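Colleague: Sharing a structure, written as structure tokens. Questions coming.
The values are calculated or read from the model by the stated rules, or taken from the named source; none is laboratory data. Predicted model only: the values in this text are computed from it and were never measured. Here the Cβ is made from the backbone with ideal geometry for all residues, glycine too, and neighbour counts use every protein chain on show.
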Amino acid sequence: MSEQDKQSDKSRKSELRFDRIFPSIHFIPLDNNGARLLKIFVLPDCNERLLNALFENSQRSYNKGAMEYDAFVGNTVILSHLDGDIARLIRFRDALFAQPRPADVVCFPWQTGYIRAYLGEHAGILELDMDAVEAALHN
């Protein structure tokens with residue numbers, strides 16, 4: 001296969017990635033954790049409320065960075081994965097692989113396994129208890 005054919009094939013594969021077609025794809029398990037997550041999703045402005053509960057305004061990215069992340073604390077970019085958005089996690093990993101930097105992902109304990117398997121040692125994991133998150137959102 002010629003170099004041009006390889007590039008063309010790579011371009012076609014990139015166009016077919018589901019995170020390019022759908023900007024958000026949420027992983028919601030079919031168990032009690034998923035039921036609790038759905039209760040968070042139905043809150044008005046749930047993602048904005050989650051980010052406000054996690055970060056100070058001065059730390060928030062407000063989608064102004066060159067990569068997709070939610071906050072910048074110290075020298076570390078942080079992605080909130082509390083909403084289980086797999087498409088954002090893919091874009092975050094792609095950006096970290098292209099330009100390595102200190103990074104963390106905020107998640108629930110039941111998400112840790114697949115995040116660690118997917119990101120390896122490219123990002124730290126900050127676990128939050130779902131009870132604490134629910135309490136913060138309902139105040």
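Colleague: Report whether or not residue 24 is in a loop (DSSP other than H, G, I, E, B) and at pLDDT below 90.
Modeller: In short, yes.
Colleague: Hey, does the stretch 83-103 have a residue that's in contact with a Cys (Cβ under 9 Å, 6 or more places away or on another chain), at pLDDT 95 or above and closer than 23 Å to residue 38 by Cα?
Modeller: Among the residues of the stretch 83-103, not one is in contact with a Cys (Cβ under 9 Å, 6 or more places away or on another chain), at pLDDT 95 or above and closer than 23 Å to residue 38 by Cα, which makes the answer no.
Colleague: Given 101, 93, which one is out of contact with any Pro (no Cβ under 9 Å at 6 or more places or on another chain) and farther than 20 Å from residue 24 by Cα?
Modeller: It is 101.
Colleague: Right, next: Just to confirm my filter: which helices (runs of 4 or more DSSP H) fall fully inside the stretch 54-139 and include at least 1 residues that are acidic (Asp, Glu), under 16 Å from the mean Cα position of the chain (by Cα) and more than 24 Å from residue 42 (Cα to Cα)?
Modeller: 86-98
Colleague: Given the conditions (1) more than 18 Å from residue 137 (Cβ to Cβ); (2) free of Cβ contacts under 8 Å to residues at least 24 places away in the same chain, and given that residue 71 satisfies all but one, which numbered condition is not satisfied?
Modeller: (1)
Colleague: Another question, then. Return yes when residue 51 is under 12 Å from residue 82 (Cβ atoms), at pLDDT 90 or above and surrounded by 10 or more Cβ atoms within 10 Å (Cβ to Cβ) and no when it is not.
Modeller: yes
Colleague: Output the residues belonging to the stretch 62-73 that are modelled with pLDDT under 90, surrounded by fewer than 18 Cβ atoms within 10 Å (Cβ to Cβ) and of a type outside the set (Lys, Arg).
Modeller: Within the stretch 62-73, 62, 63, 65, 66, 67 qualify.
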